[in-house]
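To start, the structure under review is shown below, and the notes come after it.
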Amino acid sequence: MTGRIFVLIGPSGVGKTTLAERAQRDGVADRVVTCTTRAPRPHETPGQDYYFLSLDEFEKRERNGDFVENEWIHGNRYGVLVRDLSRAVESGRTAVISLGYGGAQRVKQLWPQQVTIVGVLPPSSESLRVRLQGRGTKDDEMAVRLQAIDDESQRVHALADVIVVNDEFTTAYQQLYQWLFHGPTPKSSPDR
Ligand code: ADP
């Protein structure tokens, strides 16, 4: 039995991590830990939230071809080990992971039958600005991020199998939960 991987894509700050962590906490999806060269935030546990690697370590793994994704996102490198996704597929379980666009595309190419790309979009640029402010994002960084939103939205629509708008969190999460639990396409069977 092969597993399923739900890959969350969307602009930074849109709520991908929050959605994924909630699903993991509720036990409907496993976690695939991501490598990053960014510094840990105070609440984060190495090896559980991310594998925090130095740039040297990251580049060594990159040269080995260990990553399914190795992207620069806002000045840091992020990568997911092919090995860890392979294990998720072989586990026969459901995993949820947040990836960059290149990574999402590659994972879909590697496991087209097992992977569902979920595009997560904000209700508006304004609400995203408020959220980024809420987590202490600097003004100049914010301007760059907001400028990128329109382009990103188009990209998300092009790549995603399904789209969820993360306006009211509970509503967005219920939608994701349904997909994780029952699969991304509505069941046609009348008894479901
Ligand atoms: P991403 O992983 O896409 O960068 P996060 O999951 O880290 O985004 O979310 C960014 C911030 O937005 C967090 O502080 C989170 O609590 C908050 N957030 C997530 N979803 C919602 C929502 N529906 N409404 C308000 N705030 C949200």
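The values are calculated or read from the model by the stated rules, or taken from the named source; none is laboratory data. These figures come from a predicted structure and were not determined experimentally. As a convention, Cβ positions derive from the backbone with ideal geometry for all residues, glycine included, and neighbour counts pool all protein chains shown. Accessible surface areas use protein heavy atoms only, side chains included; no ligands, DNA or RNA. Shrake-Rupley method; radii C 1.70, N 1.55, O 1.52, S 1.80 Å.
What to note about this one:
- Looking only at region 130-149, and only at residues there that are within 26 Å of Val96 (Cβ to Cβ) and in contact with a helix residue (DSSP H, G or I) (Cβ under 9 Å, 6 or more places away or on another chain), the one that is modelled with the highest pLDDT: Thr137
- Of residues in region 174-183 being touching a residue at least 24 places away in the same chain (Cβ under 8 Å) and open to solvent by 60 Å² or more (accessible area, probe 1.4 Å), the one farthest from the ligand (Cβ to nearest atom): Phe181
- Complete set of residues in region 114-143 that are free of Cβ contacts under 8 Å to residues at least 40 places away in the same chain and part of a helix (DSSP H, G or I): Ser125, Glu126, Arg129, Val130, Gln133, Gly134, Asp139, Asp140, Met142, Ala143
- Candidate set from region 1-14 (those that are at pLDDT below 95 and within 22 Å of Tyr173 (Cβ to Cβ)); member that is farthest from the ligand (Cβ to nearest atom): Gly3
- Checking His74 against (1) touching a residue at least 60 places away in the same chain (Cβ under 8 Å); (2) of a type outside the set (A, V, I, L, M, F, W, C); (3) outside the structural domain of Gln105 (by TED's automatic domain parsing); (4) closer than 30 Å to Gln178 by Cβ, the condition it does not meet: (4)
- In region 138-173, the residues that are within 15 Å of the ligand (Cβ to nearest atom), open to solvent by 60 Å² or more (accessible area, probe 1.4 Å) and acidic (Asp, Glu): Glu141, Asp167, Glu168
- Filtered residue count, region 144-173, keeping only those that are within 14 Å of Val120 (Cβ to Cβ) and without any contact (Cβ under 8 Å) to a residue 24 or more places away in the chain: 2
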